[in-house]
Amino acid sequence: MTAILNVLLSILFLISSLSGSIQEEQLQIRMRRNWGFSSGTGSIQGNFTIMASGPEDLTQVVFYIDDQIIGEVDESPFDHRFATDDYPLGPHQISAIGTTASGDELVSNLVQVEFVSADQGWQAAGNIIIPLVVVILAAIGLAVIVPLIFTRGKKEQLPAGAPRSYGYYGGAICPKCSRPFSRHIYGLNLGLHKYDRCPYCGKWSLVKRASKEELEAAEAAEIAAAQEGIFEPQISEEETLRRDLEDSRFED
Ligand SMILES: [Zn+2]
């Protein structure tokens, strides 16, 4: 198996080095964006550099937009910067002609581009970026808001030590009230930890999946604590206020 792979790899290497040596004979140009807009499909606006590469003995490169000479470079690196705004909007061909020390003339590949206005560029960029940002914000919003809505003020009243299954996300021990609970699908994953809400005390904390032994110990501690009366159902602030109001009605 590895032998076949090795043969394949060496064939690939041979092909690539062959095509590499052929390309070295030619003049190649490519474009780099310094700033501005590039659609990825040829529509560009802003400041760009045309970079030419050719044989070792390349002595001069002349850069063209269509038939117009836009720059001449007599030493390496054979790069030329230009701004699309200096030329008419619309489709253009970018190319270069190189000269070697031995006097050979090399014609580069053609790069097809379309110069667009800054407005068009930003509009096109906005068409891509704005929906993306909206989708990302919506996803973040859902991940944060949905669990808050569904868990707001809701506390489970599971008797201490009651048997429970911890489910797919595993059990965790609440660092605030020390009771074991099942981790939720909506908890935010942070490495091995989840930012999750304890259903008993309602507090959010960073919890990691607890081992079976740790959970059993926490359950046992829960039973012991219950016997000491720590988990007497607590009355919420609202409830206390409501009871106070009801009491005050009968005072007059
Ligand atoms: Zn808790």
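The values are calculated or read from the model by the stated rules, or taken from the named source; none is laboratory data. The shown structure was predicted, so the numbers you read here are calculated from the model rather than taken from an experiment. For neighbour counting, all protein chains shown are included, and Cβ atoms are generated from backbone atoms with ideal geometry for every residue, glycine included. SASA here: full protein model, heavy atoms, side chains in, ligands and nucleic acids out. Shrake-Rupley method; radii C 1.70, N 1.55, O 1.52, S 1.80 Å.
Annotations for the structure displayed:
- Filtered residues of the stretch 165-180 (kept if open to solvent by less than 70 Å² (accessible area, probe 1.4 Å) and without any contact (Cβ under 8 Å) to a residue 24 or more places away in the chain): 167
- The condition of being modelled with pLDDT of 65 or more, away from the ligand (no atom under 16 Å from the Cβ) and on the phi < 0 side of the Ramachandran plot holds for only one of 199, 159, 163, that being 163.
- If you filter the stretch 202-228 down to residues that are of a type outside the set (Lys, Arg), assigned to a loop (DSSP other than H, G, I, E, B) and open to solvent by 30 Å² or more (accessible area, probe 1.4 Å), you find that the one that is modelled with the highest pLDDT is 211.
- When residues of the stretch 188-201 are limited to those that are of a type outside the set (Lys, Arg) and buried (at least 19 other Cβ atoms within 10 Å of the Cβ), the one nearest to residue 147 (Cα to Cα): 196
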